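Heads up, the thing below is written out as structure tokens.
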Amino acid sequence: MIATNTNERLLQIAVLAFGLIAPFLFPAYIQQIALLWIMILFALTWDTMGGQMGYNSLGNIFFFGAGMYICAVVQIIVGGYDVGEYTAAFGAIKVDITDTQYFTGLFIGLAAAAVGCVFLSIILGFFFFGLRGPYFAIGTLGIALAAGELIGAWRWVGGGSGISLPLYPGSDIFPGSADEEGLFFYFLCMASAVATFLFFRWLYKTRFGLALNAIRDDEEKAEGMGIHTMRYKTVAWACSSFFLGISGGLHGNIVHFIEPLEVAFPTITFGIFMVAMSLLGGKGTLWGPILGAVLFHVIKEVTWTHLLGWQWVALGLIIIVNVVYFQQGIVGWLMERFPERFGIRVETDATAQGKGGAD
Amino acid sequence: MLLRKLGFSVAAAALSMSVTTAQAKVEGDTIILGSAISLTGKYSTNGIHTQNGYELAAKLINDGGGVTVDGKKYKIKIEYYDDESTPARGAQLAERLIQQDGVEYMLGPYSSGLTKAIAPVTEKYGVPMVEAEGASRSLFTQGYRYLFAVLSTSEQYLASAIDLAAEQAKSTGKDPAELKVALAFENDPFSQDVRAGVMEDAAKHGMQIVIDENLPRDLSDMTPTLIKVKALKPDLLIISGHSKGAATAARQIGEMAIEVPMIALTHCDAAKVTEKFPEASEGFLCATQWSPTLTYSDDLFGSAADFEKLFKETYEGYDAGVPYQSAQAAAAVMVFADAFERANSFDKDKVRDALSATDMMTFYGGIKFAEAGNNIAKPMVLWQIQDNQYQVVAPPKWASHKLVWPRQAAGN
């Protein structure tokens, strides 16, 4: 566990300063850095399940897509349209909504996405937390895949034709900027990633965090000690999906056009990336997923530009090297190497070590 | 300390992302057009057809001296990124082309879905985009000012097949309302739009829809649908699923010896069905934006047939025919070249206004944009595969051959 020390404080300030200055310093990269914040959010929320609680979910992308669709539907309704009419392939109505409708729709939509995903996670948790290990992983993967197909068959939300979201109206939030919309969504992405970080940083320090670790280390024992594991697992998943739902709503509006298979439920890209990023940085640590997300995203963007045609090979290679030779991830490795720098006291006395564990 | 170093390396990595900022849209004597195109993924076949069309037109324009703007000759160069056939990636790449590479004129991607994702981006920056592969009607109801499409919209693709079936029924003394229609459409924006057009036309004639299936993307098996077709014996079977769907349909219609008197598809030529499934595909009706047998012509490529000949000489693998995707891609580049010359300027808005005033004849057909940006000067035509050749059978104005009905049963 990382104690709050000056090092961490400095790191937090550095990241925050970068986040605030970057869009003005590199205006051409706003969208890529916005996506980076979403990636950080992905890695953090996945790590709650996979890293802290030991439940490797391959289906967390489900909440991303569900959030995207919930937000879109709310935006359409607030815009004063009938959803079925708006999404009909042939109807192709001309969208005309006021600025107030746009912003009200967006924020209510994001809130609905977050809350809606919490409900979905509670329902799904009820069915899926009976599964352990690889069964849980495959079961959740099934949720994401099935969701894509089901939404694709659901004509009310446009089916496979998808939904073109209302366009961002002109606004004066950032006067003089060439890309107001970009900045607007950039700061929403950053805010949601920072909120995710602060929330989980706090959560891991509470008894709740210890209970999650206890479930990871030995679920039977944890249960035997009186931890209501089902409740803890459900709440943890609900927390993850709360933030994932928001990220989905934001991403849908950044892309403007959403459809089930490639944009909303991209299981083999974003769905896998969130696992790969956490593993790369070091799962079960607070900063590991963030570092993993940054490295992964930068490598991805660079290879996509300069190694066109080899980008997937490069990504595959990273994942293989990571999984085969470097399982603890970067931060995990650093913690092993330099434990004292992370505030972990290495003591020879075995009894002293056991002290912090069980409470 | 260590964590501070980590912080710095994060900042450094981010900095290295911004080595170069926006270059100019016109470098020296070269005009740079940008395009995100599907070089990998499920649309890659058509993505490459499109890219070949862009490249051939650019080459020919450059060989002829280039584009004259303000008394100076400019060459055309196109910058590509691979969008992997996914809309989210396409939107990101459009941002990258415009923001980081400084591109100020865009050529479209392949497919309606990708165009739907990219159009809001080009619109946001006021970058004119001429697209050749996004046919969905909903692209032209959003009030986009910077989007121009050289092709006909998707509800027109197979509508003439319905009319043709109705006429055929009348000529044999049957009421078109008695006709049974089977529909099998891929679940993607383009095919769903084609479906909507077909549904509307079938309703006009009062035809009965006996099968209405949504097929998965990247279609590799449609046996369940074809089994239903065998059982219900429709008079008309309509299938749309890009190239992969057309190839799968042709293969399995042959294997299962489906005997429907009239079968209509999209993307036959892009899927090279006459080459791969010569027997099964005999008698298919194929929607096409363009046919080399049409009598259009221009000064750059000559006639439609000349374009086909040159294309076959330039690229390998097109012996059985040049898909219309390539032809319309080439036409899109011609539209841009024409607009630059008329605008006589590189100002984005002047180019946009010139594009909007386009009224030209090309080997691909007439091009004149409606207020919404779609091309209203060119009809869709319908081919029938007769003796392994694509022949135009509808609409009557362009028909060179008569419809063969019923189609010869597959495999016989």
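Structure data summary
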quantity	calculated
Unmet requirement for residue A:39, which otherwise passes all of (1) within 14 Å of another protein chain (Cβ to nearest Cβ); (2) among the aliphatic types (A, V, I, L, M); (3) surrounded by fewer than 24 Cβ atoms within 10 Å (Cβ to Cβ)	(3)
In region B:74-88, the residues that are outside any loop (DSSP other than H, G, I, E, B) and either under 20 Å from residue B:53 (Cα atoms) or under 19 Å from the mean Cα position of the chain (by Cα) (or both)	B:74, B:75, B:76, B:77, B:78, B:79, B:80, B:81, B:82, B:87
Subset of region B:102-129 (residues that are of a type in the set (A, V, I, L, M, F, W, C) and under 19 Å from residue A:254 (Cα atoms))	B:114, B:117, B:118, B:119, B:121, B:127
Checking residue A:269 against (1) crowded, with 24+ Cβ neighbours inside 10 Å; (2) under 17 Å from the mean Cα position of the chain (by Cα), the condition it does not meet	(1)
Enumeration of residues in region A:194-218 that are of a type in the set (S, T, N, Q), assigned to a helix (DSSP H, G or I) and farther than 13 Å from residue A:55 by Cβ	A:196
Residue list for region A:256-305, restricted to those being more than 9 Å from chain B (Cβ to nearest Cβ), part of a helix (DSSP H, G or I) and among the charged types (D, E, K, R)	A:300
Meets criteria (β-branched (Val, Ile, Thr), modelled with pLDDT of 90 or more and surrounded by fewer than 21 Cβ atoms within 10 Å (Cβ to Cβ)) for residue B:404	yes
Qualifying residue in region A:228-237 (condition: crowded, with 24+ Cβ neighbours inside 10 Å and touching a residue at least 40 places away in the same chain (Cβ under 8 Å))	yes
Out of A:314, A:264, A:293, sole residue that is touching a helix residue (DSSP H, G or I) at 6+ places or on another chain (Cβ under 9 Å) and either among the basic types (Lys, Arg) or at pLDDT below 90 (or both)	A:314
Residue match in region B:304-315 (condition: out of contact with any Cys (no Cβ under 9 Å at 6 or more places or on another chain), farther than 23 Å from residue B:262 by Cα, in a loop (DSSP other than H, G, I, E, B) and hydrophobic (A, V, I, L, M, F, W, C))	no
Matching strands (runs of 3 or more DSSP E) fully within region B:190-292 where at least 1 residues are at pLDDT 95 or above and among the hydroxyl-bearing types (Ser, Thr, Tyr)	none
Qualifying residue in region B:148-160 (condition: modelled with pLDDT of 90 or more, surrounded by fewer than 24 Cβ atoms within 10 Å (Cβ to Cβ), more than 13 Å from chain A (Cβ to nearest Cβ) and part of a loop (DSSP other than H, G, I, E, B))	yes
Complete set of residues in region B:88-109 that are within 12 Å of another protein chain (Cβ to nearest Cβ) and charged (D, E, K, R)	B:89, B:95, B:96, B:101
Complete set of residues in region B:205-234 that are farther than 16 Å from residue B:251 by Cβ and free of Cβ contacts under 8 Å to residues at least 24 places away in the same chain	B:231
Cβ-Cβ under 8 Å pairs, at least 6 apart or on other chains, region A:308-329 side within 14 Å of chain B (Cβ to nearest Cβ) and surrounded by 16 or more Cβ atoms within 10 Å (Cβ to Cβ), far side modelled with pLDDT of 90 or more and in a loop (DSSP other than H, G, I, E, B)	A:329/A:282; A:329/A:283; A:329/A:285
Selection within region B:28-66 - over 27 Å from residue A:312 (Cβ atoms) and either in contact with a helix residue (DSSP H, G or I) (Cβ under 6 Å, 6 or more places away or on another chain) or in a helix (DSSP H, G or I) (or both)	B:56, B:57, B:58, B:59, B:60, B:61, B:62, B:63
Which numbered condition residue A:81 fails, given (1) assigned to a helix (DSSP H, G or I); (2) within 14 Å of chain B (Cβ to nearest Cβ)	(1)
From A:31, A:52, residue being within 14 Å of chain B (Cβ to nearest Cβ) and out of contact with any Phe, Trp or Tyr (no Cβ under 6 Å at 6 or more places or on another chain)	A:31
Residue count, region B:373-389 (criterion: crowded, with 23+ Cβ neighbours inside 10 Å and either under 15 Å from residue B:276 (Cα atoms) or free of Cβ contacts under 8 Å to residues at least 24 places away in the same chain (or both))	1
Considering residues of region B:214-258 that are basic (Lys, Arg) and over 20 Å from the mean Cα position of the chain (by Cα) only, the residue nearest to the other protein chains (Cβ to nearest Cβ)	B:228
Residue selected from region B:110-127 under the condition under 17 Å from residue A:167 (Cβ atoms) and assigned to a loop (DSSP other than H, G, I, E, B), by the criterion farthest from the other protein chains (Cβ to nearest Cβ)	B:127
Subset of region B:172-213 [β-branched (Val, Ile, Thr) and within 12 Å of another protein chain (Cβ to nearest Cβ)]	B:194, B:198
In region B:338-366, the residues that are crowded, with 21+ Cβ neighbours inside 10 Å, among the hydrophobic types (A, V, I, L, M, F, W, C) and touching a strand residue (DSSP E or B) at 6+ places or on another chain (Cβ under 6 Å)	B:340, B:355, B:363
Unique match (being among the aliphatic types (A, V, I, L, M), under 25 Å from residue A:238 (Cβ atoms) and touching a helix residue (DSSP H, G or I) at 6+ places or on another chain (Cβ under 7 Å)) among A:73, A:83, A:115	A:73
Yes/no for residue B:97 being in contact (Cβ under 8 Å) with a residue 60 or more places away in the chain and under 20 Å from residue B:55 (Cβ atoms)	yes
The one condition in (1) more than 30 Å from residue B:128 (Cα to Cα); (2) surrounded by 17 or more Cβ atoms within 10 Å (Cβ to Cβ); (3) modelled with pLDDT of 90 or more that residue B:328 fails to fulfil	(1)
Some residue of region B:187-206 being surrounded by fewer than 23 Cβ atoms within 10 Å (Cβ to Cβ) and either farther than 27 Å from residue B:139 by Cβ or polar (S, T, N, Q) (or both)	yes
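The values are calculated or read from the model by the stated rules, or taken from the named source; none is laboratory data. In this text the structure is predicted, and so the values were computed from the model without any measurement. Every residue, glycine as well, gets a Cβ built from its backbone with ideal geometry; the counts of neighbours run over all protein chains shown.
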